[in-house]
Amino acid sequence: MLNDATLLRAAAISAAASDRGFGRFVTVRTGIPRSASERLLRGVGWNAAGCIVGQSASFASSVVAARCLGKEVFGQFALVQTTVVAFSTLAGLGLGTTAMKFVSEYRTRNPEKAGIILGLSSLVALVAAALFSSALALCAPWLVVGSASTPALTAAMRLSALYMFFIAMNGYQMGALSGLEAFRGIARINVAYGLATLVLTWAFCRWFGLRGATLAQGLSAALLWLLYHYTLKAECRRRNIAVTYRGVWSERSALYRFSIPTTTACMISSLAVWWSNAALARSSGYAALAVFSAANNMRLMVLFMPLIIGRVTTPLLNNMLAAGDLWGYRKTFCGSVALNGSTAILAATVLALAGRYVLHLFGKEFAGSSALILLLLGAAALEVIASSLYQAVFAGSSLWRQVVINGVWTVALVATLELTVSRYGVSALAFSYLAAWSSSVILYGAEAWRRLKQLEVRRSQTLEGALCNP
């Protein structure tokens, strides 16, 4: 472990080098690349390797579930998935974001503080997971909607509490491993999780139908938590980060500045997503929701590569900013936005041409209109651009602006859907997402511009200070 003097010297050399246009990170830790570009390429490479297998298996699991369950029951399963994902995102309390932010910032210059943050996150995650999963099991009868609100659907909703518990428990571990840039371990986990989900979905859907599909979700989430748990322990041990519970309350400001605003933002958007899916089911039936859920897999394909890049660039950018590499931060941020945006537009264009063939994989009854496909893919491209611009907000000292932006996104989604769903059905939901993400691109773009201007001022002041005090 480097001592404080060495770290300060390394940060100073890094900042000076970046101001000359080189952007090199002077780190001597074995196995960590020496430059931002090498760290980015290595992280993207490992993420791509794991996610290609993991996401392919996840897509195959959706196809298997659709063919085993049929259109109507698959629509019910889609509602269960939407509900549990929405509330598990809320149950995560933004701990993944908090862990990524502070672990990437303090993993080198203050590993003791990083360990305290992880201890605080694990305690809060356990309490939140227990409370929210219990609440889901108790409130299941009130969360099902439509004419198909059968006892089987209620039982499946209750059973999904298992998935919620482990996903909520796992959020901070995922963020911590990203903050540590442990992308090799994450890639291996994605492969194992994806293949296990595929096998479990196939077996349990055939044996137990809707309940089996839900149970397969929960068992896969338990496996995911276990894999992340042991990987994080090994990575912390390698980095000399000791997870501790002493003095965790002293770091409660991290919860206020990051966890609470992230939770608030997630609560707003998650409830809006759940409401919009439930509104579509009430208006057009579970068959329409099933078609949207199948088409949504194309949205995930558009997000695939940008998501991989974002998992690497977000902690990398935060670490660069903490090290004082302002020029490298600006260059990497602008490059990631341009790369992600162009990748998303290209993927959306290809899928727009092949969209109907993709939907036919789920079965002939899952055919969707061209309007649905084009609107959903357009919304996905805007989502990628907005998420890339969000990195500028993430690197700030607080995430409360994120709450405002998510609030506008929610209003745009709900208001647009309320005005159009009765007339246009499933295409109305895709159009609502397009309207919502359009507003986010505008707001995130304005915020990113403001943050980059602030960084430019800081960099100019740093250079002037260096010239005045040679």
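Every number in this text was worked out from the coordinates using simple rules, so none of it is lab data. Just so it is clear, the structure is predicted and the values come from calculations on it, not from any experiment. Every residue, glycine among them, receives a Cβ derived from its backbone with ideal geometry; neighbour counts consider all protein chains shown.
Each distinct pair of alpha carbons in the stretch 65-148 adds a 1/r term; the inverse of their mean, the Kirkwood radius, is 15.3 Å. Computed extension length for ALA242-GLU72: 56.2 nm, one decimal, from 0.36 nm per residue of separation with the Cα-Cα distance subtracted. Once the Cα-Cα distance is subtracted from the 0.36 nm per residue extended length, the ALA446 to HIS229 segment shows a gain of 74.3 nm. Taking a straight Cα-Cα cut-off under 23 Å and skipping sequence neighbours fewer than 8 places away in the same chain, the lysines within cross-link reach of LYS71 are LYS364. By the beta-carbon count within 10 Å of each Cβ, the least crowded to most crowded order of GLU365, GLU112, GLU235, fewest first, is GLU112, GLU365, GLU235. In a simple Cβ point-charge model (Lys, Arg +1; Asp, Glu -1; nothing else charged), the stretch 297-403 has a dipole of about 20 debye relative to its Cα centre.
The Rg/Rh ratio for the stretch 206-254 is 1.27, where Rg is the radius of gyration of the alpha carbons and Rh is the Kirkwood radius. Taking only the C-alpha atoms of the stretch 36-463, the Rg (one decimal) and the largest Cα-Cα distance, Dmax (whole number), read 20.9, 68 Å. Spin-label model, TYR357/ALA137: points 7 Å from Cα along the beta carbon direction are separated by 4.7 nm.
Summary value for the stretch 36-463: 22 percent relative contact order, contacts being C-alpha pairs under 8 angstrom separated by 6+ residues. Counting Cα-Cα pairs of the stretch 192-333 in 10 Å increments starting at 0 gives whole-percent bin shares of 9, 17, 37, 24, 12, 2. The lysines whose alpha-carbon is closer than 28 Å to the alpha-carbon of LYS113, local same-chain residues fewer than 8 away aside, are LYS101, LYS233.
Calculate, for LEU123 and GLU365, the FRET efficiency according to 1/(1 + (r/R0)^6) with r their C-beta to C-beta distance and R0 41 Å; round to the nearest 0.05. So, using R0 = 41 Å, E works out to roughly 0.30. Shown for VAL426, VAL73: other C-beta atoms within 10 Å of each C-beta, ranked fewest to most, produce the order VAL73, VAL426.
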